[in-house]
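One structure below.
The values are calculated or read from the model by the stated rules, or taken from the named source; none is laboratory data. Note that the structure is a prediction, hence the values are computed from the model and not measured. Reconstructed Cβ throughout: ideal geometry from the backbone, glycine too, with neighbour counts over all protein chains shown.
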Amino acid sequence: MKLLKNISILLVISFSTVVGNEWERIENLRGYWKFTIGDDIEWAKPNYNDEDWEDIRVPSTWENQGFHGYNGYAWYRKKFELNLSRINSTMYLRVGYIDDADEVYVNGKLVGKSGDFPPTFETAYNAFRVYPIPKNLLNLNGRNVIAVRVYDSQLGGGIVSGDVGLYVKYYDIQAMLSLEGEWKFRINDKKEWKDPDFNDSDWDDILVPGLWETQGYDDYNGFAWYRKTFMVPNNLTKEKLVMLLGKIDDIDEAYLNGVRIGSTGEMYDDDFYISFDQEWQEFRGYYIPGGLIKPGKNVIAVRVYDGYRDGGIYEGPIGLVNQKDYSKYWREKKKRNIWEIIFGDK
């Protein structure tokens, strides 16, 4: 029984890492931050003067650092310098575990939230915070400011544990043309939202990849659409291509220039008939018919249905990859059988 249990664990590990990735830390943000109790949205501004705030260590409960018995709102601020020439991959801010609810601002812009503040309080103390950051939001050669608004209802509070830092994520399979970053987003469901000429200028901006719950859509379950307009160079249109859409919670349909290129799960117009299981763990790679990609402007639209808890396009890579490279990648992965994983490569 013990051997079977070990084999089961290894099977789960092997299948969950078929599309592998690697985190690289760009900036270590553990250490002393500025801290104050209370609540004022002005404290999110990058130029706010926080010199008279307390110094507090992150991560750790604020009760362990002199604020014994305090429950309520508090803010953290951290200034740091970057000296980077260029970053091609999406940046992520890892903020560890926060008790209970939080909003995180980078250079004055909200990049993510978990839980909910009063009067509709909801804790997210057991959620590890990883928030994507738009490339154009960070100052790659100069000062940046992170501000974290926290609400704690009882017991320990604050940025309490876990890794805290700025990271990039590298995938085993790299997109030739990355589509990670800001997309247009709208909840609800209308079929015309797939049309390439549809005007989505009044839609919200959302970061992809990233859960929609961490970007202002708390507890939303149901239909939603993502849209992205992107430019394709002429030489890329001569390739046989695959659209990488990473992982989506729960099910989806993808349209390129108005044409359906793939789906995962059974989608119906009436959500009464929709059922789902483990589709949220499936990696999306949709083969693009020849001639569909055009030089210049193209539009990808993704219809998503989430039925429970987290939702949206939550994990990359996102973008276009050569079909030959994509097929080669999966062939190499399939060659490794489970016995090699259990007993090691020979």
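Counting only residues that are touching a helix residue (DSSP H, G or I) at 6+ places or on another chain (Cβ under 8 Å) and modelled with pLDDT under 90, how many does segment 186-225 have?
Residues meeting the conditions: 3.
Taking only pairs six or more apart or across chains, which ones have beta-carbon atoms under 6 Å, a first residue in segment 289-315 that is over 20 Å from LEU179 (Cα atoms), and a second residue that is polar (S, T, N, Q)?
Cβ pairs passing all conditions: ASP306/ASN221; GLY307/ASN221.
Can you find, within segment 1-43, the residue that is nearest to ILE173 (Cα to Cα) among those that are among the aliphatic types (A, V, I, L, M), at pLDDT below 95 and not in a helix (DSSP H, G or I)?
Taking the candidates together, the pick is VAL19.
Any residue at all in segment 145-158 that's outside any loop (DSSP other than H, G, I, E, B) and surrounded by fewer than 16 Cβ atoms within 10 Å (Cβ to Cβ)?
no
Exactly one condition in (1) loosely packed, with under 15 Cβ neighbours inside 10 Å; (2) within 21 Å of ASP306 (Cβ to Cβ); (3) among the aromatic types (Phe, Trp, Tyr) is false for TYR170; which is it?
(2)
Okay, residues lined up against (1) at pLDDT 95 or above; (2) under 26 Å from LEU211 (Cα atoms):
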| position | (1), (2) |
| --- | --- |
| LYS45 | yes, yes |
| GLY69 | no, no |
| ALA74 | yes, yes |
| LYS78 | yes, yes |
| LEU82 | no, no |
| MET91 | no, yes |
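Could you tell me whether ASN139 is free of Cβ contacts under 8 Å to residues at least 60 places away in the same chain and closer than 28 Å to ASN47 by Cα?
yes
Output the residues belonging to segment 238-260 that are over 19 Å from the mean Cα position of the chain (by Cα) and buried (at least 20 other Cβ atoms within 10 Å of the Cβ).
Result: LEU241, VAL242, TYR255, LEU256.
Test VAL145 against the criterion of being within 21 Å of PRO46 (Cβ to Cβ), touching a Lys or Arg at 6+ places or on another chain (Cβ under 8 Å) and β-branched (Val, Ile, Thr), and give yes or no.
Criteria met by VAL145.
Look at LEU256 and say whether it is hydrophobic (A, V, I, L, M, F, W, C), in contact with a Pro (Cβ under 6 Å, 6 or more places away or on another chain) and in the same structural domain as ASP197 (by TED's automatic domain parsing).
So LEU256 does not fit the description; no.
Could you list, in sequence order, all residues of segment 104-138 that are acidic (Asp, Glu) and touching a Gly at 6+ places or on another chain (Cβ under 8 Å)?
Once the filter is applied, which keeps residues that are acidic (Asp, Glu) and touching a Gly at 6+ places or on another chain (Cβ under 8 Å), segment 104-138 yields only GLU122.
Would you tally the residues in segment 28-55 being under 11 Å from GLY158 (Cα atoms) and touching a residue at least 40 places away in the same chain (Cβ under 8 Å)?
Total satisfying the criteria: 1.
Could you give every pair whose Cβ atoms fall below 9 Å, whose first residue belongs to segment 269-282 and is surrounded by fewer than 11 Cβ atoms within 10 Å (Cβ to Cβ), and whose second residue is assigned to a helix (DSSP H, G or I), counting only separations of at least 6 or pairs across chains?
So the pair list comes out as ASP269/LYS191.
Counting just the residues of segment 200-231 that are surrounded by fewer than 18 Cβ atoms within 10 Å (Cβ to Cβ) and polar (S, T, N, Q), which one comes out nearest to the chain's Cα centre (by Cα)?
ASN221
Could you list all residues from segment 56-73 that are in contact (Cβ under 8 Å) with a residue 12 or more places away in the chain and surrounded by fewer than 11 Cβ atoms within 10 Å (Cβ to Cβ)?
Matches in segment 56-73: GLY66 only.
Select from segment 256-313 the residues that are under 23 Å from TRP330 (Cα atoms) and acidic (Asp, Glu) and list them in ascending order.
Residues satisfying the conditions are GLU279, GLU282.
Could you please find all residues in segment 74-132 being surrounded by fewer than 21 Cβ atoms within 10 Å (Cβ to Cβ), over 19 Å from ASP39 (Cβ atoms), under 21 Å from the mean Cα position of the chain (by Cα) and of a type in the set (S, T, N, Q)?
ASN88, SER89, ASN107, ASN126
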